[in-house]
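Comments concern the structure below.
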Amino acid sequence: MFKKIGFTNKWSVISFFLIILILMPSVFILIGFFNPISDTWLHIRRYLLKDYIYNSVILVFFTGLFSIIIGVSLAWFVNAYDFKYSNFFKWGLILPLAVPPYIGSYTYVGLLNYTGVIQTFLRNNFELVLNQSYFNIMSLSGAIFIYTIFLYPYVFLITHAFLQKQSASLVEVSKTLGKSPISIFFRIILPISRGAYVAGTTLVVLEVLNDYGVVKYFGISTFSTSIFQTWFSLGDINSAIRLSVYLMAFVIIVLFLEKLSRGGKQYSYSNTKIKPLKAKKLTGWKNWSMFIYAFTVLSLGFIIPVLQLIYWSIISYGKILNMNIIQTVLNSIGVSLVGSFIILVAAVIIANTVRIKKNILTKNYARIAVLGYSIPGAVIAVGVMIFFLKMDNFIQLISGQNNMLLLSSSIFMLIFAYLIRFLAIGYNSVESGFNKIGTDFHEASRTLGNGITKTFFKVDLPMMKPALMSGFLLVSIEILKELPLTLILRPFNFNTLATRAFEYANDEMIHESAILSLILIFISVILVYSLTYIKKKGR
Amino acid sequence: MFVNMTDIDFCYDKNNENILEDFELNIDKGQTLSILGESGSGKSTILRLLAGLERQKKGQIVIGNKIMNNENTFVSPENREVGMVFQDYALFPHMTVFENISFGISHLSKTKRKEKVMEILNLVDLVDHKSKYPHQLSGGQQQRTALARAIVTEPQILLLDEPFSNLDTNLKNNIRESLKEIINVIGITTIIVSHDKLDALKLADQLIVLKEGKIKQKGIPEQLISKPNTGYAESILA
């Protein structure tokens, strides 16, 4: 019977149990959906739900739209044109990804408020006192600006990578047919890169739906903030579960729209010889305008917030620099290293099983493994918390010791939540590594008398090091910046750079949060740079 | 019969048609069999089934009196004692020639391992290249390394999947000769999959022509080439 469901080796057995474990929180959310409706829920449905939906739709739509405009245009410019510092911008424009949007949001609030650098400068030098509403960024449009400027790199990154592989002949033949650069961009480049920028935009949209920090700080009601509020302020877990299900429905619609807009739009070359696009050298005003555009985006998304944080750090370091900060840094690094390692191990086990045992069961493993990234943090937090509380109840029942919260008060709960949320990132890296090396080496080793495990360690692993390394770095960056899961599921008194920075900012102690934010950004930049280095080396 | 495939049905995807249907194959010990056929005729599938890299839907595979695969038994590739040379050689890029060849005999003592690898390196004339990595070798040297790696474990049968497809014509002739010599020296039962009739003529004792998973003709290579029994066999053997 076990053989029939694919249990033919250790890898498939472990994979099966991992997949069951990953599914558990979602199962508990679904079960919870059928609990009796409370008065709180009736109130939410009648008065608040409309706002949550409206705000979420507006945020998702406009952030998506502006991210496409900025991400695709910049990706095309750095690929097709050689302008001032264009080589630097190829990786420099990814840097805003190192700034978590919630840090960006309070940095911009600090920059623009009455005592901020801009208004102080205008008052002191030009005696200008302007209407405060001009500088109010804590609104829906302000949140759209924040999300766009810090998340557009997802669109840029994927579209840039796609355009790098495109053939020069497409552009050359268009030129010989009398098309202008603008016409080539809209009629050739935009249609062929649709799959790429839709994928990038979907990531942006999922990040917006996942976010808690920006909307909480700006006081905007969305699904994420309402799940937190219903759970912690109103103490109504069942209504939080219902909101989670609604949010998941929203996510499913987004994923369906992605599939719809990508459907049937995968083009491939009829010829295998592809001459890559050669960047055209720009001079004069065209050169400068391209530079100014790229530099402005980079400044808004990275240079300005970082300079502001450095300034605040300088004036506040005496108050904040103490042993606690070292502990916070160590917590952040520790949890991200351990989390990334566990995620990579799980990803390797599942991906190797999927590769070796091709059947209906393993096909679904792959789908389940990547599911978590589309589930917003608040929803995962609800599911994981219920799952761990149930397990604690079970342990209490067995041990006979009441009030013992062994698992739900431990770091394991947080790491498990990271596993669900970020397994997709690790899995995609591992899968692409396996795809790159193919199955011939594995099969050769098997015919030479080595089992799956020995083959993995002696043949697959050494050849997949770059893919595993990029997966590890990508997951580390995400865990380092992660906020909603960490805020809800961390053990008592356990702080990371992200939670501490957010708490300071939320308590109107923006200057104090600056050093923590800077350290977080600094570590992220190192990781992002290492990632681009590994990819470059790999090529 | 040393190798025996009986009543084999196989398809890669359950929804697709069978690649092999009621397929039968028998090979005597020490014989060299060549399988000739167009792409998609099922040639490589036969090798993959014998190596245990795929599992058939129905039927039985026996190698050297031991049942390798039927309804109740499945011997995994690592326990089949089958040596296989892949079409693209699949040499481990992070290992030297010596390391590649010794990979399958890591259970032996260091001295014994070295002794065996040197013996094989002599046989395939690669002693001077033992410290090189695969990318530093010519096509012919890569092929001989893959062959050495496959035979050093002293397998019961040797499977060669399009062994000459990555070589240019001049090199092919030389390599064919040396391959024939090596096979003769070790006297191993060998199956060669190819789409080139010259491979069969030069190397094989027996030849089968395969079309859509079915044997169209079987016999001694020279006889088959002089008397093809169908239009398909004629086109393949022309």
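Please treat every number below as a calculation from the coordinates, not as lab data. The structure displayed is predicted, hence computed values, not measured ones. Glycine also receives a Cβ, built like all others from the backbone with ideal geometry; neighbour counts cover every protein chain displayed.
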Simple label model, 7 Å out from Cα along Cβ direction - A:K280 to A:K179, nm:
1.2
If each Cα of region B:89-154 is one equal point scatterer, what is log10 of I(q)/I(0) from the Debye formula at q = 0.12, 0.15 Å⁻¹?
-0.23, -0.37
Pick out which of B:K130, B:K227, B:K116 has the largest mean-square fluctuation in a Gaussian network model of chain B, springs linking Cα atoms closer than 10 Å.
B:K227
Counting only residues 5 or more places away or on other chains, whose amide H sits under 5 Å from the amide H of B:L20 once H atoms are built in the peptide plane?
B:F10
Between A:E503 and A:L130, what length comes free when the chain is fully extended (0.36 nm per residue of separation minus the Cα-Cα distance, one decimal in nm)?
131.2 nm
Provide the gained length on full extension for the span A:I437 to A:L122, in nm with one decimal, where the gain is 0.36 nm per separating residue minus the Cα-Cα distance.
107.5 nm
Pull up the DSSP beta bridges for chain B and report the antiparallel fraction as a percent, rounded to 5.
50
So which DSSP H runs in chain A come out at 30 Å plus along the axis (Cα) with average Kyte-Doolittle of at least 0.5?
A:10-32, A:49-80, A:237-262, A:323-356, A:377-399, A:411-437, A:510-538
Net charge dipole size for region B:89-154 [Lys, Arg +1 and Asp, Glu -1 on Cβ; Debye, nearest 20]:
180
Counting only other chains, and only Cβ atoms inside 10 Å, what mean value do you get across the residues of B:49-60?
1
How many percent of the alpha carbon pairs in the protein assembly as shown exceed a separation of 52 Å?
28
Rounded to the nearest 0.05, what FRET efficiency is calculated for B:E71 and B:Y12 with R0 set to 22 Å and r the Cβ-Cβ distance?
0.65
Calculate, in nm to one decimal, what A:F492 and A:Q327 gain on full extension: separation in residues at 0.36 nm each, minus their alpha carbon distance.
58.0 nm
Interchain or long-range residues, amide H under 5 Å from B:G37's placed H:
B:S194, B:L210
Going by amide H atoms built from the backbone, whose H comes under 5 Å of the H on B:Q217, apart from near neighbours?
B:V209
Trypsin sites (Lys or Arg not before Pro) within region A:358-448: DSSP coil, no more than 13 neighbouring Cβ in 10 Å:
A:K358
Can you give me the distance in nm between label points at A:T115 and A:D82, each placed 7 Å from the Cα along the Cα-to-Cβ direction?
5.1
Quick one: helix B:110-123 against the long Cα principal axis of chain B, what's the angle to the nearest 10°, folded into 0 to 90?
60
